[in-house]
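Undergrad: The structure that follows is given in the form of structure tokens.
What follows is calculated from the coordinates using simple rules that are stated; it is not laboratory data. These figures come from a predicted structure and were not determined experimentally. Note: ideal-geometry Cβ built from the backbone for every residue, glycine included; neighbour counts use all protein chains shown.
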Amino acid sequence: MKKILKIITIILPAFYLLAFGNASAAATAINLNTDSQSISMGQQFSVSLTLDAGQNINAAQGTISFSPSVLKMISVDNTGSIFNFWVEDPTISNDTGTMSFIGGTPTSLSGSGLKILTMKFQAVGVGSSAIKFSNGVVTADDGQGTNVLSTVNETSVTVSGTTNTPTAPAPVIEQPKPVTAAPIASTKLPVAPVLSVGLYADQTKWYSQQGDAIVFWEVPKDVIAAAVLVDKNPNGDPLVFDKQLFDGKDVGTLSEGINYIHVRFKNNIGKGPISTYKVSIDITPPLNFKVSMPEGLKIDDPSPTIDFATNDSLSGIDFYSVIVDSQAPIKVQTGELKLPILEPGQHSVLVKAFDKAGNESESSLAFEILPIASPEIKFVTQPFYSDSENALLVQGSGLPGSMALISVVKSDGTVAARASAKTDDSGQWEYSFSQPFQNGKYQVVVRSQDDRGGFELACYIQ
């Protein structure tokens, strides 16, 4: 996602504000370096993101991508970074295999090996993964916010072998036990069995696993035999009684769909009532589907609508999970969603469909949000004295009918003041800050926002 911030740097040393800037044409490179390119399953390693700036710069942004089936990003460390304020904090999404950031500094910087941040990964799958840098912008301190990024040096890793983690012993599965006590004569028919199935403990749920289904029951003292039947009929009638009496029975692996386990007892009087236990199994994921965007894949609507829908023939669709870029998943019940407001640039959406047994299928879509017109900063009061009564006046232009969102940012990255001004019919706007500012160095940051919530792409002007 590309952003170009519109920023003017101003300094308030003892009594006045001063704009400044310079630039020289030279190569600027983003570098990704890892401490190891051949690793084992489960091993952790670091990747550094550095900048070689051949000219004065003051901001950078981009997206790191990797294979989520091979690698997991554990953390991002920006301690000691050349940037001391973050328009967008480093944000990790291991679902999409991305990490994005936008950082800046009021100080003009140049040089080689400048640290931006360090990422820690863990190998979670066997294979190779490129670690790439995309949507990159490095803005020059030239008064125009020029993108001077010319080279990207990427890296990759290969994961092989397996971990040496000891294998846990297989759990002991309880088996039915024979009943050896002699039955006691009764004067009435036996009671209905009370059934339990450990692997499928809840009769109201759908399950996505198959294994030996062992049904257990308590054996009353008068019972001499038990009959068991497994079928798809809720009214099934077990007729064949086992020769040996047990307190349960392994009925084997049940098939997909709804199964019924029927059990009845027999005593010296006769056959008792039937108890039925329901087991619902679905191991098949929902049908494949596609995500679509009716408005098109290149749109200026910051909150577009996506369509998606599928079916599941057994348990049915439970819900959809929608992941936009690196944001938290959005849970929806229907196959349509109006996305949250997105900033201009490249975006991706991943939709997962879950059935009632927890099986899932997924589909993704890449699209671009087009920016509205970028704002211009035309005037900042200069000279400006900290003890004077005149206000800090900022003037500029933008899209007619839009809002100019203005921030005054301290050198440590904290915001000293915020304001907004609506553009007139010709696109002009201005705002006068009445509060005093302490001596120091500041940046004026301006962004445009239209009535739909869309933002402009960003740019730094020193």
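Undergrad: If you plug each phi of the stretch 273-280 into the Karplus form 6.51 cos²θ - 1.76 cosθ + 1.60 with θ = phi - 60°, what whole-Hz ³J(HN,Hα) values come out, in order, with x for Gly and Pro?
TA: 3J(HN,Hα) across the stretch 273-280, in whole Hz: x, 8, 9, 10, 10, 9, 10, 10.
Undergrad: Restricting to the chain, what percent of DSSP beta bridges are antiparallel, rounded to 5? Each step should come with its number before you reach the end.
TA: Numbers: 133 of 144 bridges.
Around 90 percent antiparallel, to the nearest 5.
Undergrad: In Å and from the alpha-carbon atoms only, list the Rg and Dmax of the stretch 205-281.
TA: 12.9, 42
Undergrad: Of all the C-alpha pairs in the stretch 72-197, what % are more than 25 Å from each other? Intermediate results must be reported in sequence, preceding the final value.
TA: Details: 4350 of 7875 pairs.
So the portion of pairs separated by more than 25 Å is 55 percent.
Undergrad: Still on this structure, please answer the following. Mind grabbing the base-10 log of I(q)/I(0) for the stretch 283-358 at q = 0.21 Å⁻¹? Debye formula, identical points on the C-alpha positions, no solvent, two decimal places.
TA: -0.91
Undergrad: Among DSSP bridges having both ends in the stretch 140-296, what percentage is antiparallel? Round to the nearest 5.
TA: Numbers: 25 of 27 bridges.
Within the stretch 140-296, antiparallel bridges account for around 95 percent of the total.
Undergrad: Checking a compactness column here: for the stretch 126-277, what do you get for Rg(Cα) / (2.2 N^0.38 Å), N being the number of residues?
TA: Values: Rg = 30.6 Å, N = 152, 2.2 N^0.38 = 14.8 Å.
In units of the globular-protein estimate, the stretch 126-277 measures up at 2.06.
Undergrad: I'd like the per residue volume of the convex hull spanned by the Cα atoms of the stretch 6-160, given in cubic angstrom. Don't skip to the answer; put the middle values down first.
TA: Values: hull volume 15.9 nm³, N = 155.
Expressed per residue, the convex hull around the Cα atoms of the stretch 6-160 is 103 Å³.
Undergrad: Could you please state, rounded to a whole Å, how far the C-alpha centre of the stretch 237-291 is from the C-alpha centre of the stretch 309-337?
TA: Using only Cα atoms to place each centre, the spacing works out to 32 Å.
Undergrad: Give me the Å³ per residue figure for the convex hull around the C-alpha atoms of the stretch 376-449.
TA: Details: hull volume 6.0 nm³, N = 74.
Output value, Cα hull per residue: 81 Å³.
Undergrad: A further question follows. Please compute the net charge surrounding residue 45, taking Lys and Arg as +1 and Asp and Glu as -1 over other residues with Cβ under 15 Å from its Cβ. If you can, show how the numbers build up before the last one.
TA: Numbers: positive: 72, 120; negative: 35, 77.
Local net charge: 0.
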